[in-house]
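Here's the structure, in structure tokens; my notes come after.
The values are calculated or read from the model by the stated rules, or taken from the named source; none is laboratory data. Model, not experiment: these values are computed from the prediction. Cβ coordinates were reconstructed from backbone atoms using ideal geometry, including for glycine residues, and neighbour counts include every protein chain displayed. SASA here: full protein model, heavy atoms, side chains in, ligands and nucleic acids out. Shrake-Rupley method; radii C 1.70, N 1.55, O 1.52, S 1.80 Å.
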Amino acid sequence: MKSSSQSTAGSRSGDCTLVIMAKAPKPGVVKTRLAQSLPLEAVVELYRCLLDDTMALARSLGDVDVAIMCPASDVEDLSRAVGDSIPIVAQSGDGLAAGLTSVFAHFAEAGRRRIVAFNSDSPHLPASVLVSAFRALAQSDVVVGPTHDGGYYLVGATASHPGLFAGDGLGTTNAYEALLGRVRALGLSVSLTDPFYDIDVAEDLSRLAAELKSAPARAPRTARWLTEWRKAMPPEQSGGER
């Protein structure tokens with residue numbers, strides 16, 4: 001999984017693992033907040049595009065192994081959706097906290113020393129930010145990528161830390177602060193990557209559509225979907241530009 005364009009990632013082969021947190025593309029399961037603005041079928045197709053572009057971003061990194069972590073019930077459907085290009089690992093337990101805990105328990109046990117869990121709806125993130133996350137783990141126990149809405153789009157660690165994702169806060173507007181509180185309580189060092197945004201609500205989708213209109217190569221499949229959606233639907237329903 002090496003790319004000459006990303007060979008300066010500063011990571012050792014076999015040392016770094018990027019784990020995409022994903023779900024099976026099913027109506028009413030993925031991007032549920034967007035369903036307030038888009039039909040369920042459109043939400044599912046959009047999620048497929050976001051996931052496809054996220055996998056392409058992950059594969060562009062040099063000397064980084066890539067995997068997907070998902071609920072056990074989603075493994076079969078995800079396998080059909082993404083093929084065999086990226087290994088899929090079933091998490092232990094239900095919910096996001098269980099999924100994140102599973103990421104670090106599973107891959108740390110396998111001997112990986114720099115592990116980053118990355119969401120499946122930020123394929124427009126510059127690859128350099130992911131590279132910086134792995135570099136940060138050469139000096140820090142934990143790395144976090146905060147979102148503008150109070151959450152985080154990635155979290156990385158050099159080991160499995162029981163309790164790091166315990167308690168309330170995941171999936172809420174104070175998830176980032178709650179995570180930092182647990183990091184401090186465990187006595188771990190932490191680094192931050194640049195703040196960014198993921199795709200949760202219509203305003204996020206509008207912002208993404210505007211950015212990809214001028215730079216579609218950042219997430220080409222998502223850019224094509226947004227273009228076709230804007231053509232087919234009125235602007236107030238399309239999640240496109242205002």
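Here are a few things to note about the model shown:
- Qualifying residue in region 32-41 (condition: under 16 Å from ILE88 (Cβ atoms) and of a type in the set (A, V, I, L, M, F, W, C)): no
- Criterion (over 27 Å from LEU179 (Cβ atoms) and not in a helix (DSSP H, G or I)) met by exactly one of ASP84, ASP77, ASP52, ASP65: ASP84
- Residue within region 128-147 that is closer than 12 Å to THR54 by Cβ and either open to solvent by 10 Å² or more (accessible area, probe 1.4 Å) or under 11 Å from the mean Cα position of the chain (by Cα) (or both) present: yes
- Considering only residues in region 213-225 that are under 17 Å from MET55 (Cβ atoms) and touching a residue at least 12 places away in the same chain (Cβ under 8 Å), the one that is surrounded by the most Cβ atoms within 10 Å (Cβ to Cβ) turns out to be THR222.
- Restricting region 4-19 to residues that are at pLDDT below 90 and under 20 Å from the mean Cα position of the chain (by Cα), the residue that is most open to solvent (accessible area, probe 1.4 Å): GLN6
- Output for region 35-50, where each listed residue is among the aliphatic types (A, V, I, L, M), crowded, with 17+ Cβ neighbours inside 10 Å and within 25 Å of GLY83 (Cβ to Cβ): ALA42, VAL43, VAL44, LEU46, LEU50
- Residue count for region 25-34 under the criterion of being in a helix (DSSP H, G or I), open to solvent by 30 Å² or more (accessible area, probe 1.4 Å) and in contact (Cβ under 8 Å) with a residue 12 or more places away in the chain: the result is 1.
- Meets criteria (touching a Phe, Trp or Tyr at 6+ places or on another chain (Cβ under 9 Å), touching a residue at least 24 places away in the same chain (Cβ under 8 Å) and either loosely packed, with under 13 Cβ neighbours inside 10 Å or within 22 Å of ASP52 (Cα to Cα) (or both)) for ALA209: yes
- Only listed residue being modelled with pLDDT of 95 or more, among the small types (Gly, Ala, Ser), surrounded by fewer than 15 Cβ atoms within 10 Å (Cβ to Cβ) and under 21 Å from GLY99 (Cα atoms), chosen from ALA56, ALA22, ALA67, ALA72: ALA72
- Looking across region 108-127, the residues that are open to solvent by 40 Å² or more (accessible area, probe 1.4 Å) and of a type in the set (Gly, Ala, Ser) come down to ALA110, GLY111.
- Look at (1) modelled with pLDDT of 95 or more; (2) among the aliphatic types (A, V, I, L, M); (3) touching a Pro at 6+ places or on another chain (Cβ under 8 Å) and you find that VAL103 fails only one, number (3).
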